Each structure stands twice: as structure tokens, then as C-alpha cells.
Amino acid sequence: MIGGSVPTDVLPRHRGCPIRSVRVRLPEQRGELLARREDGRELHHLVWRLGPGWRVCGSAVLGGGIGPRAWMLNAQVPGGYPRMDPDRHLAEIAAAARLTGPGAALMTAADVTAYTAADDGGVHATVTCGLGVRGWAAAPDEGAAGPQRPGTVNIVVTLPVALTDAALVNAVATATEAKVQALLDAGLDCSGTPTDAVCVAAPAPGPDGAAEPFAGPRSRWGARLARAVHAAVLEGALRHP
């Protein structure tokens, strides 16, 4: 656990068991690290309490797609994840963290406490990097795949400026390109893992509807996003055994 002494809260009971939440305040926009106990194990999750006036675009298990979101969550779950209702599970974790309203939630078997983060010109990227099941996106068809661990390289990005719908989608693509570049720069022979996910959060356009129209890697904000994601993924990939 990072930081010094931290307060401990006991949240409402979930399925007959108290969920203990240890709050550690991280730098602004990098998330809040919480701990919980599930089935006798201590697990962690990162929470972004965005509040009103934010939109998120991404491939989250819960709240994926594009639309208003008041929070984001990246939750660690056990390897060999046994549940068949991950969206409900994430909603339970969110409720225990007192998150309300619409949100977006990811999950991963990677150690969330080993997150990496990078900033570039107001863009913040936070990454949890697990690379135990990695490969190339365009792989030969080998028939039905067996069950995979839920979540591996999860990327959460916040920007300080509003983006159009098209730019939000472009930002997800730019983050993915930067991730692949970082994995190759780390000397890994892969484009990612089968369960990678990305969420990009940006303020909603104001009353005048003004929003940045581009987020590709050569645009002002897309370039910053790409550098932040690249730095965070590269650090996580180099740490990975």
C-alpha cells in the first residue's frame, strides 16, 4: 500500500460480509486506491470520482460505450475468475465504494497496486499491466478459445478538454496505438492481450457545444494522450517479469 497512515471505513454489508475500504488519495485524476476483502482475499480497485459533467468512451465491462459517466472503476479480481456476471459484480463493488449514477468499470487479474501513471500537458494516463496471456490481435483461427483471465492491460485516461463523439472514439484508437508501441519498445512480441480495455474521460461540451474535433496522434490533445499512455504502459511492461 502506498502512502502513510490512512483511514479505514467499513462500508455497507455485501452478501453478508463487510467490505473494508482503505482510501489512499493519489494525485488528481490518477484515481483513488481502495482495498476490499472477497472470499478471504484482499483485492484492490482504483476509483475515479468524476462527478457531473463528464463523458466516457471505452470498452468497459460495465458502462462501456460512450455517454455521461460520473465515475470510473478498475477492479482487481482473482485469476481464473469464476463468476459469469462480471457487470453485476462490478456494480456491487461500485456500490460498496459509494459510487452513484452512471459509471464505467473495468476488471483485471493484474495487481492493481502496481499501477503505473503518466501525465503529459494535462492528459493523465493510468495503467494496470498484466501480460501473462499476450499475443497478436490478428492471430490464426485456432477454434473456440478457453476461458481467459478478466482484464490484463487496462488503460484509463482523463483529458481536461471536451471532445466530440468522433474525437472520443479517435482517442481510444490513439491510446491503443500508443499501447502497442510501448509493448514493442519494451521488447515484447505482442500487440496486447485478449482482454485489454480502454476508457477515455473528458468533460462534456458546454452550452455552446464547443469541443475538440480531433484526437489522433498528430493532433494537439491526441499527441499528449499518446505520450502519456506510452509512458505508463512502457513502465508497466518493463516491470512485468
Hey, any hits in segment 180-199 for a residue that's under 27 Å from G67 (Cα atoms), in contact with a Leu (Cβ under 6 Å, 6 or more places away or on another chain) and not in a helix (DSSP H, G or I)? yes
If you go through segment 157-177 one residue at a time, do you hit one that is crowded, with 18+ Cβ neighbours inside 10 Å, without any contact (Cβ under 8 Å) to a residue 40 or more places away in the chain and of a type in the set (S, T, Y)? yes
Is there any pair linking a residue in segment 78-104 that is closer than 16 Å to A60 by Cα to one that is part of a loop (DSSP other than H, G, I, E, B) and basic (K, R), with Cβ under 9 Å and at least six apart or on different chains, and which? H89/R83; E92/R15; G101/R69; P102/R69; G103/R69; A104/R69
Mind checking which pairs have a first residue in segment 108-121 that is closer than 15 Å to G31 by Cα and a second that is β-branched (V, I, T), Cβ under 6 Å, 6 or more apart or different chains? V112/T128; Y115/T126; Y115/T128; T116/V127; A117/T126
Return the total of residues in segment 36-75 being within 18 Å of V200 (Cβ to Cβ) and either hydroxyl-bearing (S, T, Y) or assigned to a strand (DSSP E or B) (or both). 19
Of (1) in contact with an Asp or Glu (Cβ under 6 Å, 6 or more places away or on another chain); (2) over 23 Å from V229 (Cβ atoms), T116 satisfies every one except (2)
Considering segment 182-196, residues that are buried (at least 20 other Cβ atoms within 10 Å of the Cβ) and over 9 Å from W136 (Cα atoms), and then whichever is nearest to the chain's Cα centre (by Cα), we arrive at D196
If you scan segment 225-240, which residues turn out to be over 16 Å from the mean Cα position of the chain (by Cα) and of a type in the set (A, V, I, L, M)? L238
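Values in this text are rule-based calculations from the coordinates and carry no lab data. Model, not experiment: these values are computed from the prediction. A quick note on method: Cβ atoms are made from the backbone with ideal geometry, for glycine too, and the neighbour counts reach across all protein chains shown.
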